[in-house]
Amino acid sequence: MNDIAMLDVLLFLRAWIFHPFRVAAIAPSGTALAELITREISSTCGAVLELGPGTGVFTRALLTRGVREEDMTLVESDADFSKLLKKRFPKARHLPIDAARLDRAHLFAGAPIGAVISGLPLLSMAPKHVLAILAGAFGVLRQCGAFYQFTYGPRCPISRRVLDRLGLKAMYVGRVYLNIPPAAVYRITKRTPFQTH
């Protein structure tokens, strides 16, 4: 393990010790998970919002997919991770806020975001908090945009009740077994309204 990878693991472990429900992982996501969660995103997607980027594993994968660093907005509330991200991705927009406050922050004009990548531990959050995060994210997401979420759990981490309330649907993208622990990715999108004739 190189020095950067060791630093990332130590940062995650420290964050997990002090805030286990906010971080919910003792190590950063692996490259296989990063490749899966960013698989459907490219430079044609436009601006990307990343929630809970941690040490930037998914951010690096987005750069590999052709997303420009200046087209990324990184929302990270942990001070240590936020400081590290600013050093690693100086051209990105950095927002050191709770992702549940996106709708109240009025940070985006219109809905300029093409995709949202979430590394947030939704399973350890109250439904009200998850609802606020999704409402804020879909408030800035283009109509045809998608919200990508990973989970260590056996099913989608967003309850049917929350999806129904916001008019959303979840689709299973895939599972990565070469991640510790294994993880699944879901694509969350707005439901298409029924056509009336």
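The values are calculated or read from the model by the stated rules, or taken from the named source; none is laboratory data. A quick note: this is a predicted structure, and the numbers were derived from the prediction, not measured. Here the Cβ is made from the backbone with ideal geometry for all residues, glycine too, and neighbour counts use every protein chain on show. Accessible surface is based on the protein model in full, side chains and every heavy atom, while ligands, DNA and RNA are left aside. Shrake-Rupley method; radii C 1.70, N 1.55, O 1.52, S 1.80 Å.
Give the residues of segment 168-194 that are small (Gly, Ala, Ser) and either loosely packed, with under 11 Cβ neighbours inside 10 Å or more than 19 Å from Pro127 (Cα to Cα) (or both), sorted by residue number. Walk me through it before giving the result.
Applying the first criterion (small (Gly, Ala, Ser)) to segment 168-194 yields 170, 174, 183-184.
Selection gives Gly174, Ala183, Ala184.
With the requirement that a residue be crowded, with 23+ Cβ neighbours inside 10 Å and over 18 Å from Ser118 (Cα atoms), what does segment 58-85 give you?
none
What is the number of the single condition among (1) under 28 Å from Thr31 (Cα atoms); (2) part of a helix (DSSP H, G or I); (3) of a type outside the set (Ser, Thr, Tyr) that Ala170 does not meet?
Just one mismatch for Ala170, condition (2).
If you scan segment 109-127, which residues turn out to be surrounded by fewer than 18 Cβ atoms within 10 Å (Cβ to Cβ) and of a type in the set (A, V, I, L, M, F, W, C)?
Within segment 109-127, Ala109, Ala111, Leu123, Ala126 qualify.
Residues in segment 128-155 that are over 21 Å from Phe108 (Cα atoms) and surrounded by fewer than 21 Cβ atoms within 10 Å (Cβ to Cβ): how many?
Residues in segment 128-155 being over 21 Å from Phe108 (Cα atoms) and surrounded by fewer than 21 Cβ atoms within 10 Å (Cβ to Cβ): 6 in total.
Conditions: (1) part of a strand (DSSP E or B); (2) within 19 Å of Gly30 (Cα to Cα); (3) small (Gly, Ala, Ser). Ala115 meets all but one. Number of the miss?
Among (1) part of a strand (DSSP E or B); (2) within 19 Å of Gly30 (Cα to Cα); (3) small (Gly, Ala, Ser), Ala115 violates only (2).
Here is a yes/no grid of residues against (1) in contact with a strand residue (DSSP E or B) (Cβ under 6 Å, 6 or more places away or on another chain); (2) under 20 Å from Val48 (Cβ atoms):
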residue: Arg101; (1), (2): no, yes
residue: Leu134; (1), (2): no, yes
residue: Arg160; (1), (2): no, no
residue: Ile180; (1), (2): no, no
residue: Val185; (1), (2): yes, yes
residue: Arg191; (1), (2): yes, no
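Take the residues of segment 86-97 that are open to solvent by less than 90 Å² (accessible area, probe 1.4 Å), free of Cβ contacts under 8 Å to residues at least 24 places away in the same chain and not in a strand (DSSP E or B): which is nearest to Val57 (Cα to Cα)?
Among residues in segment 86-97 that are open to solvent by less than 90 Å² (accessible area, probe 1.4 Å), free of Cβ contacts under 8 Å to residues at least 24 places away in the same chain and not in a strand (DSSP E or B), the one nearest to Val57 (Cα to Cα) is Pro96.
Given the criteria surrounded by 15 or more Cβ atoms within 10 Å (Cβ to Cβ) and among the charged types (D, E, K, R), does Asp164 qualify?
On the way: surrounded by 15 or more Cβ atoms within 10 Å (Cβ to Cβ): no; among the charged types (D, E, K, R): yes.
Criteria not met by Asp164.
Conditions first: (1) touching a Phe, Trp or Tyr at 6+ places or on another chain (Cβ under 9 Å); (2) small (Gly, Ala, Ser); (3) within 19 Å of Val140 (Cα to Cα). Ser42 passes all but one, so which condition is the exception?
(1)
Can you tell me which condition Pro28 does not meet? The list is (1) outside any helix (DSSP H, G or I); (2) within 18 Å of Val185 (Cβ to Cβ); (3) at pLDDT 90 or above; (4) not small (Gly, Ala, Ser), and all the others hold.
(3)
Could you list all residues from segment 35-56 that are open to solvent by less than 20 Å² (accessible area, probe 1.4 Å) and without any contact (Cβ under 8 Å) to a residue 40 or more places away in the chain?
Scanning segment 35-56 gives a single hit, Gly56.
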